[in-house]
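Presented below is the structure to which this report refers.
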């Protein structure tokens, strides 16, 4: 389990190194690594961690699903936009593992997206052996 204390209402946290550490601690040589967020207002994505792109992703989420435009769920929690953004992003990623290392492209990073923070979040990491 990876714990992520987010600091902002919306932010992206690169968790690649924590996931790689979990792979190493598991002693998995070859197989798959499943990364799954345990929250309905967060997402997991594989993409580049460049700061300009991160801001573009956050801007896109806000443009596609803006806050406070009359969603039904806002009547109870006021965070419908975060739930809807999470639906668009997805809640997991599966990464191949070979020789104990995550197989990621040159610029690929495992990104955790906070959409309704700040909060203490958890990400479940499961290894599946060949």
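The values are calculated or read from the model by the stated rules, or taken from the named source; none is laboratory data. Since we're looking at a predicted model, the values are computed, not measured. Counting neighbours? That spans all protein chains shown, and the Cβs are built from the backbone with ideal geometry, glycine included.
Residue 103 - would you say it is in contact with a strand residue (DSSP E or B) (Cβ under 6 Å, 6 or more places away or on another chain) and closer than 30 Å to residue 129 by Cα? It would help to see each step written out before you state the result.
On the way: in contact with a strand residue (DSSP E or B) (Cβ under 6 Å, 6 or more places away or on another chain): yes; closer than 30 Å to residue 129 by Cα: yes.
Criteria met by residue 103.
Assuming residue 54 fulfils every condition listed in (1) over 12 Å from the mean Cα position of the chain (by Cα); (2) part of a loop (DSSP other than H, G, I, E, B) apart from one, which condition is it?
(2)
Residue-by-condition table, conditions (1) farther than 25 Å from residue 122 by Cβ; (2) modelled with pLDDT of 95 or more; (3) surrounded by 14 or more Cβ atoms within 10 Å (Cβ to Cβ); (4) out of contact with any strand residue (DSSP E or B) (no Cβ under 9 Å at 6 or more places or on another chain):
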site: 49; (1), (2), (3), (4): no, yes, yes, no
site: 52; (1), (2), (3), (4): yes, yes, no, yes
site: 58; (1), (2), (3), (4): no, yes, yes, no
site: 76; (1), (2), (3), (4): no, no, no, yes
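So the check is Cβ under 8 Å with 6+ separation or different chains; which pairs have a first residue in region 89-111 that's at positive phi and surrounded by fewer than 13 Cβ atoms within 10 Å (Cβ to Cβ) and a second one that's outside any strand (DSSP E or B) and modelled with pLDDT of 95 or more?
If the second residue must be outside any strand (DSSP E or B) and modelled with pLDDT of 95 or more, the pairs left are 99/29; 99/30.
Residue-by-condition table, conditions (1) assigned to a strand (DSSP E or B); (2) under 23 Å from residue 51 (Cα atoms):
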{"residue": "77", "(1), (2)": "no, no"}
{"residue": "83", "(1), (2)": "no, no"}
{"residue": "88", "(1), (2)": "no, yes"}
{"residue": "93", "(1), (2)": "yes, yes"}
{"residue": "96", "(1), (2)": "yes, no"}
{"residue": "106", "(1), (2)": "no, yes"}
{"residue": "109", "(1), (2)": "yes, yes"}
{"residue": "112", "(1), (2)": "yes, yes"}
{"residue": "116", "(1), (2)": "no, yes"}
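Could you tell me whether residue 86 is surrounded by 14 or more Cβ atoms within 10 Å (Cβ to Cβ), touching a helix residue (DSSP H, G or I) at 6+ places or on another chain (Cβ under 9 Å), in contact (Cβ under 8 Å) with a residue 12 or more places away in the chain and within 16 Å of residue 12 (Cβ to Cβ)? Break it down into steps so the answer makes sense when it comes.
Numbers: surrounded by 14 or more Cβ atoms within 10 Å (Cβ to Cβ): yes; touching a helix residue (DSSP H, G or I) at 6+ places or on another chain (Cβ under 9 Å): no; in contact (Cβ under 8 Å) with a residue 12 or more places away in the chain: yes; within 16 Å of residue 12 (Cβ to Cβ): yes.
Spelling it out, it is not the case that residue 86 is surrounded by 14 or more Cβ atoms within 10 Å (Cβ to Cβ), touching a helix residue (DSSP H, G or I) at 6+ places or on another chain (Cβ under 9 Å), in contact (Cβ under 8 Å) with a residue 12 or more places away in the chain and within 16 Å of residue 12 (Cβ to Cβ).
For residue 20, indicate whether it is surrounded by 15 or more Cβ atoms within 10 Å (Cβ to Cβ) and closer than 23 Å to residue 126 by Cα. Spell out the reasoning first.
Numbers: surrounded by 15 or more Cβ atoms within 10 Å (Cβ to Cβ): yes; closer than 23 Å to residue 126 by Cα: yes.
Yes; evaluated as a whole, the condition is true for this residue.
On the basis of being surrounded by 13 or more Cβ atoms within 10 Å (Cβ to Cβ), under 13 Å from the mean Cα position of the chain (by Cα) and either modelled with pLDDT of 95 or more or in a loop (DSSP other than H, G, I, E, B) (or both), does residue 45 make the cut?
Answer is yes for this residue.
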